[in-house]
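Heads up, the thing below is written out as structure tokens.
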Amino acid sequence: MGPLTGADGTARCPWAGEQPSLMRDYHDDEWGRPVRGEAAYLERLTLEAFQSGLAWSTILRKRDAFREVFRDFDADAIASFDDADRARLMDDARIVRNRLKIDAAVTNARATVALREAGGLEAFVLSFAPEHPPAPTDTASVATTSPESVALSKGLKKQGFAFVGPTTMQALMEAIGVFDPHLVGCFRRGAVGLDSAR
């Protein structure tokens with residue numbers, strides 16, 4: 001399936017929907033746009049891990065609560081979480097209560113702090129940007145993994161990160177504009193992503 005034209009006459013990636021919605025706003029205003037700074041990268045990494053096995057719309061609806069309980073994704077703050085903090089998170093119905101994912105968030109915050117000595121999380125992720133970014137024309141040609149996402153996954157695991165499989169890392173790279181993820185024909189294609197400026 002290629003881009004769909006909504007009632008507003010605008011062609012979008014089909015998952016964005018044809019009517020105004022949380023997902024459409026995310027598609028139009030955020031997905032594929034580069035982010036800056038350690039906290040922004042840690043947030044996206046954490047939310048992509050929590051999304052695993054769930055609909056992205058579920059994460060978007062809970063995003064404000066995630067930001068609150070994870071201290072706006074301040075790596076130092078999360079890295080200091082102890083068993084009482086983990087228990088507090090497991091009792092908070094406003095977020096996804098999954099012990100493995102909560103543990104991974106703390107682990108990844110600690111790994112993020114440690115990675116500062118090697119240039120930081122942002123520089124590390126960007127070092128895996130594809131030399132030849134994809135240009136999918138329909139959903140059937142959208143990859144769920146890539147050589148770059150596999151390499152990023154392996155690289156992060158070596159740095160002590162958890163819940164960073166190749167599919168999750170592909171989603172992360174799309175979300176933060178490591179490359180332009182929009183379908184050819186979508187009105188956002190060419191307007192987002194690091195490669196759009198090349």
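The values are calculated or read from the model by the stated rules, or taken from the named source; none is laboratory data. What you see is a predicted model; the values in this text were computed from it and never measured. Positions of Cβ are backbone-derived with ideal geometry, glycine not excepted, and every protein chain shown enters the neighbour counts.
Residues are listed down the side, and each one gets a yes or a no for (1) part of a helix (DSSP H, G or I); (2) in contact (Cβ under 8 Å) with a residue 60 or more places away in the chain; (3) under 13 Å from the mean Cα position of the chain (by Cα); (4) crowded, with 16+ Cβ neighbours inside 10 Å:
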site: Gln19; (1), (2), (3), (4): no, no, no, no
site: Asp25; (1), (2), (3), (4): yes, no, no, no
site: Leu42; (1), (2), (3), (4): yes, yes, yes, yes
site: Gly53; (1), (2), (3), (4): no, no, no, no
site: Ala77; (1), (2), (3), (4): yes, no, no, no
Note to self: Please verify whether Phe128 is of a type outside the set (Gly, Ala, Ser), surrounded by 14 or more Cβ atoms within 10 Å (Cβ to Cβ) and not in a loop (DSSP other than H, G, I, E, B), treating the condition exactly as stated.
What the structure shows: no
*Using the structure shown, decide if Glu148 is assigned to a helix (DSSP H, G or I) and acidic (Asp, Glu).*
yes
Subset of segment 1-25, residues within 18 Å of Gly185 (Cα to Cα) and hydroxyl-bearing (Ser, Thr, Tyr), comes to Thr5, Thr10
Considering segment 111-125, residues that are charged (D, E, K, R) and surrounded by fewer than 18 Cβ atoms within 10 Å (Cβ to Cβ), and then whichever is farthest from Asp180 (Cα to Cα), we arrive at Glu117
Pairing a residue in segment 61-74 that is on the phi > 0 side of the Ramachandran plot and of a type in the set (Gly, Ala, Ser) with any residue that is at pLDDT 95 or above and not in a helix (DSSP H, G or I), where Cβ atoms lie under 9 Å and the two sit 6 or more apart in sequence or on different chains, gives none
Q) Quick one: is Glu68 among the acidic types (Asp, Glu), in contact with a helix residue (DSSP H, G or I) (Cβ under 6 Å, 6 or more places away or on another chain) and either farther than 26 Å from Thr137 by Cβ or at pLDDT below 95 (or both)? A) no
- Message: One residue is enough: does segment 143-154 have a residue meeting the conditions in contact with a strand residue (DSSP E or B) (Cβ under 8 Å, 6 or more places away or on another chain), surrounded by fewer than 20 Cβ atoms within 10 Å (Cβ to Cβ) and among the small types (Gly, Ala, Ser)?
- Response: no
